[in-house]
Number of protein chains: 2
Amino acid sequence: MGGYSVPMSAVPTLRDVAVHAGVHVATVSRALNPETRHQVNAETAARIISIARDLGYRPNALARGLRTARSTTVGVLLPDITNPLFPPIVRGIEEVLLPEGYTALIANTDNAPDQEEAQFTRLRQHHVDGFIVATARRDHPLLRRVRQEKIPLVLVNRTIERGGFTSVVADDTAGVTAAVRHLIDLGHRDIAFLAGPSNLSTALLRLNTFKRAAAELGVAVDGRLIERCEAYSEAAGDAALSRLIAGERRFTAVLASNDLIALGCYDALERNGLSCPGDISVIGFNDMPFIDKLRPPLTSVHVPHHEMGRTAARLLLKQIRDGLPRRGETVQLPVELVVRGSTAAVRP
Amino acid sequence: MGGYSVPMSAVPTLRDVAVHAGVHVATVSRALNPETRHQVNAETAARIISIARDLGYRPNALARGLRTARSTTVGVLLPDITNPLFPPIVRGIEEVLLPEGYTALIANTDNAPDQEEAQFTRLRQHHVDGFIVATARRDHPLLRRVRQEKIPLVLVNRTIERGGFTSVVADDTAGVTAAVRHLIDLGHRDIAFLAGPSNLSTALLRLNTFKRAAAELGVAVDGRLIERCEAYSEAAGDAALSRLIAGERRFTAVLASNDLIALGCYDALERNGLSCPGDISVIGFNDMPFIDKLRPPLTSVHVPHHEMGRTAARLLLKQIRDGLPRRGETVQLPVELVVRGSTAAVRP
DNA sequence: ATGGTTACCGCAAACGTTTGCGGTAGCGGC
DNA sequence: GCCGCTACCGCAAACGTTTGCGGTAACCAT
């Protein structure tokens, strides 16, 4: 044992390990880092590692981040973790990030631009190495700013037409088409569509796809059967379907742009004394957890949220390591229509 | 304009502001911090603040944390954010933390001790100022270690008998009692109970309360009607109720220790051709989001998770600022039985 | 004119890392 | 015996803050 006595109070630092090992802190740093370990004698390295373990040494992420200008953290911006859509995405992200030593900082924006701005600068103060953003609107000044500052960024569940953002989305086109085809196969001809907020990429895409698919499959698209929701929420879906019901144009099925909107449809139907699927068939989008337990179980388009989170994280890591791509790629993941009890053949 | 030219490339630092203002960085630091602003001339302070704003200066949280040994971050340990129970807690936590300048680092443990350990040290490397833990088991060596290291810590949704931990929980006793009373009022006498994992504080408490409440309300407690689930999960609930159904002892109602277990009951009932509430009434615990949309809507004990998150955060902030209490307080929040369609009067 | 007080601000150290640079020792080749 | 090379390791600076300490100038009272 050496003659030095190290106070065993606080958390040990590189210096403590160095003193115990009788070497300079730089040597300890190099020995502990696999990348630079070859620069130090094998035996000394082993001794240092052993001492570090005995002392319970843990690198100080703040100091390291300050020195290296890389914090090994990434920011995740999402509207609301309470929306069952997002937890699987978050877990997918963490599943990839954690083994690589990264930590995700999660921020809820409630889709409010000022809150988003605040969260964003807060994350920047913590010097996150990149962003995963699930709150993208079709035009997004904040994101364009980030883009210009050359900060790694990938969108998930959303996309932005121009700007070269890399994003990972679901194959909405295939999903909506499958849903429409399913309804038509059941004999439905008067199909309503509840669109999402017009400033969201998914809302626009799903709406357009609906129009196209219906037309291609030989069903006339009636503008009176298309209603816009102000939000992807249960309340908005309730309100929108209520408007349709109050209208004169009859329909036998409704395709909701989102599961929450479909949930609102359930509310509106019950309040108006209509049954599902007896009177009206309903289809959702996303296949949220527990939605198979609803009354009736909701037919929905399954979106691989977990996998979306994973690939988003992978793409972000690539950007962090290899630098920003000149032109962002958008990865599109396959979806699958899950038929349950909320859709039935139209009454004869 | 001064003669200095500052490169406008990277993010501005204190030094940049100082050069522009023609003062020392220490002065800038003091001027920008409301706590120390009185130490600098009012006009100079105003000028510095203005320049900082123009430059878009944001303090580097890493550098500040390194210097002050306070990172203004807290770690949140929970089993699985995918469990609908936790998002409201998380939002409650953030609702209190954010305005105070704190950031929450969320970590999923999947209730696996080694994963928990890993997450914990990872958060410690980031020098979080405290922990909010929702994964507490009845005996928890890791948490006792934390306790000994004098790190601020508060438990949420769980409690630990000894050790002086401060925690915020729901009034489980009142909840279970209300549930039992409700079933008895409906005429049920043969009531089964599905207990949670025995290493969780809530599981034990709810089980004991059930026994006591049933006895006090004049219903014999039959040990054959008490089944233990290995986890708070749908699958475990399914398995447990299936075992009961396969047994010889008949029952007309089942009280589940948790909503997910109740969900599993739905599965088991359907597979066995039993109807709810026609054949068996079911009550859950927690009142998870969307559970009112189930088939049938689940009668459940509502727990104020959002508020639990908020008070947990408040208690943690108090610990961070005022130091650890000598003896932890446990805050108990009121619950409320929400009667829905899964409970009905026993058949005559 | 002197001493004391106050207001303001600069100096420099420190937090715990990482890393370019250089120095020393050992060794092999000539 | 000299040169050059390699392996190993120490030195010191730097990242961007905060903060104790001290210094200067101004002001007031004596």
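Of all residues in chain B, the one whose Cβ lies closest to the rotation axis carrying B onto A, together with that distance in whole Å, is B:Arg295, 2. The modelled label-to-label distance for the pair A:Asp292/B:Val331, using points 7 Å beyond Cα in the direction of Cβ, is 3.9 nm.
Between B:Arg144 and B:Ala246, the FRET efficiency estimated from the beta carbon spacing at R0 = 51 angstrom works out to 0.80. Ordering B:Val176, A:Val11 by the number of other Cβ atoms within 10 Å of each residue's own Cβ, fewest first, gives A:Val11, B:Val176.
Convex hull of alpha carbon positions in chain B: directionally averaged projected area 21.8 nm². In loop segments of segment A:1-103 as defined by DSSP, the GluC sites (Glu not before Pro) with at most 16 further C-beta atoms inside 10 Å of their C-beta are A:Glu35.
Taking the label point 7 Å along Cα→Cβ, B:Ala42 and its counterparts in the other copies are spaced 7.1 nm apart, in ascending order. Summarised as an ellipsoid, segment B:14-59 has semi-axes of 14, 10, 10 Å, derived from the eigenvalues of the Cα gyration tensor scaled by 5 and square-rooted, with the largest first. Considering only A:Ala253, A:Ala313, A:Ala235, the mean-square fluctuation computed in a Gaussian network model of chain A, springs between alpha carbons under 10 angstrom, is largest for A:Ala235. Here's the picture: charge each Lys and Arg Cβ at +1 and each Asp and Glu Cβ at -1 in segment B:230-348, and of B:Gly273, B:Thr311, B:Val338 the one pushed furthest to the positive end of that dipole is B:Thr311. For segment B:202-265, the normalised intensity computed at q = 0.28, 0.29 Å⁻¹ comes to -1.31, -1.34 (log10 of I(q)/I(0), Debye sum over alpha carbons, equal scatterers, no solvent). Once the C-beta distance of A:Val11 and B:Asp322 is scaled by a Förster radius of 30 Å, the resulting FRET efficiency is 0.85 to the nearest 0.05. Sorting B:Glu161, A:Glu336 from the fewest to the most surrounding beta carbons within 10 angstrom yields B:Glu161, A:Glu336. The overall shape of the protein assembly as shown is oblate: from the C-alpha gyration tensor, with semi-axes ordered a ≥ b ≥ c, the ratio a/c is 1.5 or greater and a/b is no larger than b/c.
Sparse packing (at most 11 other Cβ atoms within 10 Å of the Cβ) combined with a DSSP loop state is found for the following GluC sites (Glu not before Pro) in segment B:238-334: B:Glu248. If only the Cβ of Lys and Arg carry +1 and only the Cβ of Asp and Glu carry -1, the dipole of chain A around its Cα centre is close to 1040 debye.
What separates the A:Asp222 label point from its copies, with the point 7 Å along Cα to Cβ, is 5.7 nm, written shortest first.
Between this copy and the others, label points of A:Gly22 are 5.8 nm apart in ascending order, each placed 7 angstrom from Cα in the Cβ direction.
Summing Cβ point charges (Lys, Arg +1; Asp, Glu -1) relative to the Cα centre of the protein assembly as shown gives a dipole of roughly 1920 debye.
Each of A:Leu200, A:Ala136, A:Ala215 was scored by the projection of its Cα onto the charge dipole of chain A, and the greatest displacement toward the positive side belongs to A:Ala136; charges sit on the C-beta of Lys, Arg, Asp and Glu. Histogrammed with a bin width of 10 Å, the alpha carbon distances of segment A:172-303 distribute as 14, 51, 33, 2 percent, first bin at zero.
The modelled label-to-label distance between B:Ala42 and A:Leu274, using points 7 Å beyond Cα along the C-beta direction, is 6.6 nm. Using equal-weight Cα scatterers in the Debye expression, the normalised intensity of segment A:47-110 in log10 at q = 0.16 Å⁻¹ is -0.69.
Dipole of segment A:225-295 computed with +1 at Lys/Arg Cβ and -1 at Asp/Glu Cβ about the Cα centre; of A:Ala235, A:Leu294, A:Thr252, farthest Cα towards the positive end is A:Thr252. For segment A:292-348, trypsin sites (Lys or Arg not before Pro) are listed when DSSP marks them as loop and at most 13 other Cβ atoms sit within 10 Å of their Cβ; the list is A:Arg326, A:Arg327.
Taken about its Cα centre, segment A:172-303 carries a charge dipole of roughly 280 debye when the Cβ of each Lys and Arg holds +1 and the Cβ of each Asp and Glu holds -1. Dividing the mean sequence gap of close Cα pairs (under 8 Å, 6+ apart) by how many residues chain A holds gives a relative contact order of 17 percent. The GNM of chain B, with springs linking C-alpha atoms under 10 angstrom apart, assigns the highest mean-square fluctuation among B:Ser29, B:Ser167, B:Ser281 to B:Ser29.
Shielding value for A:61-68 is 6, the average number of Cβ atoms from other chains within 10 Å of each residue's Cβ.
Per residue of peptide A:98-104, the mean number of Cβ atoms on other chains within 10 Å of the residue Cβ is 3. In this simple spin-label model, placing a label point 7 Å from the Cα along the Cα-to-Cβ direction at both B:Ala220 and B:Leu186 gives a separation of 2.3 nm.
The numbers here are math on the coordinates, done by the rules we state, and not lab data. No experiment lies behind these values; they were computed from the predicted model shown. Quick reminder, even Gly has a Cβ in these numbers, built from the backbone with ideal geometry, and neighbours come from all protein chains shown.
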